[in-house]
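Encoded as structure tokens, the structure appears first; notes follow it.
The values are calculated or read from the model by the stated rules, or taken from the named source; none is laboratory data. These numbers come from a predicted model, not from an experiment. In this analysis, Cβ positions are derived from the backbone assuming ideal geometry, glycine residues included, and neighbour counts consider all displayed protein chains.
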Amino acid sequence: MKGTFILSFQLSGWVGRSIVIILFLISIYSWAIIFKKFFLFRRARRATKRFLSLFSGDGADFFEVLKEKRRLGRFVHSPLFSSYRKGCQVLSSTAGEKEKKISSWQIEDIKSVLEKTANGELSHLEGSLSFLATATTLSPFLGLLGTVWGILRAFLSMGLEGSAGIETVAPGIAEALITTVAGLLVAIPALVAYNYFINYLKNFANDLESFNSEFIYSVKRNYLKT
């Protein structure tokens, strides 16, 4: 397989080689994003599980998790913890840790802060995924361009040489096939990874929405001025 690919590359013209090189560079960057996102999402998921195992949300001591300073480093990569910490900061500045009297509009401010924090966390997780989507769409078209160019080159060679011998059409056919294969080899992993990460991102979005709703409910139950 490796020898076939190299031989096809050597038989290709400058257009086919240029397309293969471009696809190779796209592939390298795509795999770099895939590995980076895989470890980023896994780290965020693990940190979230640790955080949720400690956070009760019943409001008995709303700042309990933040008081566990030795353990905060285990949660810093969790989007939910970031939302919780920001919410607690706003809650502490408006009500204090002991004073349980805040108005409904102050709760709306906390809700707004939670939503902004959640959007920021999701944007951070989503970063660079658009490149995978672009690679998924662009790579097959680059491969198709190489295919059409290779076939055109094969027919032109046949016309110029006046024969359809293998030595005449081989370079064009090789160029057509190698660009098609290269395009698919880039697009398929990028597509699988993109769908996997988008699904993961949707789960995080749902978790953040549920957590923020629970947070606001607890604030209303324990801090709302009656």
What pairs can you find where one residue is in segment 215-226 and without any contact (Cβ under 8 Å) to a residue 24 or more places away in the chain and surrounded by fewer than 15 Cβ atoms within 10 Å (Cβ to Cβ), the other is part of a loop (DSSP other than H, G, I, E, B) and basic (Lys, Arg), and their Cβ atoms are less than 9 Å apart, with a gap of 6+ or different chains?
THR226/LYS101
Selection from segment 178-214 of residues that are out of contact with any helix residue (DSSP H, G or I) (no Cβ under 6 Å at 6 or more places or on another chain), over 20 Å from ARG46 (Cα atoms) and in contact (Cβ under 8 Å) with a residue 40 or more places away in the chain:
VAL181, LEU184, LEU185, PRO189, GLU214
The condition from (1) modelled with pLDDT under 80; (2) of a type outside the set (Lys, Arg); (3) surrounded by fewer than 19 Cβ atoms within 10 Å (Cβ to Cβ) that GLU108 misses is numbered (1)
Index of the failed condition, LEU66 passing every other in (1) of a type outside the set (D, E, K, R); (2) in a helix (DSSP H, G or I); (3) modelled with pLDDT of 80 or more:
(3)
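Residue by residue, here is whether (1) modelled with pLDDT of 90 or more; (2) among the hydroxyl-bearing types (Ser, Thr, Tyr); (3) assigned to a helix (DSSP H, G or I); (4) buried (at least 17 other Cβ atoms within 10 Å of the Cβ) holds:
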{"site": "PHE24", "(1), (2), (3), (4)": "yes, no, yes, no"}
{"site": "LYS36", "(1), (2), (3), (4)": "yes, no, yes, no"}
{"site": "PHE39", "(1), (2), (3), (4)": "yes, no, yes, no"}
{"site": "ARG43", "(1), (2), (3), (4)": "yes, no, yes, no"}
{"site": "SER53", "(1), (2), (3), (4)": "no, yes, yes, no"}
{"site": "SER56", "(1), (2), (3), (4)": "no, yes, no, no"}
{"site": "ALA60", "(1), (2), (3), (4)": "no, no, no, no"}
Look at segment 135-172 and say how many of its residues are of a type in the set (Val, Ile, Thr), within 19 Å of VAL15 (Cα to Cα) and modelled with pLDDT under 70.
2
